[in-house]
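Enquirer: The structure is given below, and queries will be raised subsequently.
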Amino acid sequence: MASVFGDFELTMDELRVVTRFAAESAWDVLPVFEESVPDDPRPRAALDAAREFADGAKRTRLQRVTSLDAHRAAKDAGTEAARLAARSAGDAAAAAYLHPISRATQVGHILRAAANAARIGELRAGGDPAVGDTLIEQARRRATPELVSVLLRYPLAPTSRNRVGQLMSALDAALRAGA
């Protein structure tokens, strides 16, 4: 089985688990972007690339390119929710290239798509933080033991003043508490 090495080992199967988790979160909010920018296929292409890898295809340049394209699409989106949805798609494709290095910033590759989706839920509910908390709990329940095993190799998510960062830290803490 192919692996990548750094401060520790990550197998391709583990990278697929991480990518699948991120892609599931991003698929849930893709319509938010597509309603706002209906003629921009970049976030959907990133999710297609993420899903291909998660389903067993080789990790290729496709995941990197479509991830960058989705992040560029986020810059063109007119609302915060649409930007976050495009970033979620980009994060899902980028998850295929999670680095096995012990840095807190890497946790974003694992959890940021779910945190973005929770923030989108809040925005669509008029800014209600209870909605975000509920969506973080749903993401926690959706996380597999394999995903948590990968997460535990990394330091805690970085602290943040922005709401997406706070949601990501809350999900990180919840997953570690249940481990």
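The values are calculated or read from the model by the stated rules, or taken from the named source; none is laboratory data. Please read all numbers here as calculations on a predicted model, not as lab measurements. Cβ: placed from backbone, ideal geometry, glycine included. Neighbour counts: every protein chain shown. Ligands, DNA and RNA are stripped out before the accessible areas are found, and what is left, the full protein with its side chains, is counted by its heavy atoms. Shrake-Rupley method; radii C 1.70, N 1.55, O 1.52, S 1.80 Å.
Enquirer: For the stretch 111-168, what class follows from the C-alpha gyration tensor (a ≥ b ≥ c being the square roots of its eigenvalues): rounded when a/c is under 1.5, otherwise prolate if a/b is larger than b/c, else oblate?
Expert: Oblate, since a/c reaches 1.5 and b/c is not below a/b.
Enquirer: Give me the 1.4 Å probe accessible area per residue for the chain, excluding ligands and nucleic acids, in Å².
Expert: With the other protein chains kept in place, the chain gives 46 Å² per residue.
Enquirer: Would you please classify the overall shape of the chain from the alpha carbon gyration tensor, given that a ≥ b ≥ c denote the square roots of the eigenvalues, rounded means a/c under 1.5, and beyond that prolate means a/b larger than b/c while oblate covers the rest? Intermediate results must be reported in sequence, preceding the final value.
Expert: Working: a/c = 1.89, a/b = 1.15, b/c = 1.64.
Here the chain falls in the oblate category.
Enquirer: About its Cα centre, how strong a charge dipole does the stretch 29-179 have in debye, to the nearest 20, once Lys and Arg get +1 and Asp and Glu get -1 at the Cβ? Kindly include the intermediate steps, with their values, before the conclusion.
Expert: Values: 22 positive and 17 negative charges, 120 e Å.
Dipole size: approximately 580 debye.
Enquirer: How would you classify the stretch 57-138 from its alpha-carbon gyration tensor, with a ≥ b ≥ c the square roots of the eigenvalues: rounded for a/c under 1.5, else prolate if a/b is greater than b/c, otherwise oblate?
Expert: oblate
Enquirer: Full extension from residue 161 to residue 124: what is 0.36 nm times the residue separation minus their Cα-Cα distance, to one decimal in nm?
Expert: In short, 11.3 nm is gained.
Enquirer: Between residue 133 and residue 35, what length in nm is gained on full extension when 0.36 nm per residue of separation is reduced by their alpha carbon distance? Write down the numbers at each step before the final one.
Expert: Values: separation 98, 0.36 × 98 = 35.28 nm, distance 2.45 nm.
Extra length from residue 133 to residue 35 when fully extended: 32.8 nm.
Enquirer: Projecting each Cα onto the charge dipole of the chain (Lys/Arg +1, Asp/Glu -1 at the beta carbon, about the Cα centre), which of 121, 30, 151 comes out farthest on the positive side?
Expert: 151
Enquirer: Continuing with the same structure: With all protein chains present, how much of the accessible area of the stretch 17-120 (probe radius 1.4 Å) comes from carbon and sulfur, to the nearest whole percent?
Expert: Here carbon and sulfur together make up 49 percent of the probe-accessible area.
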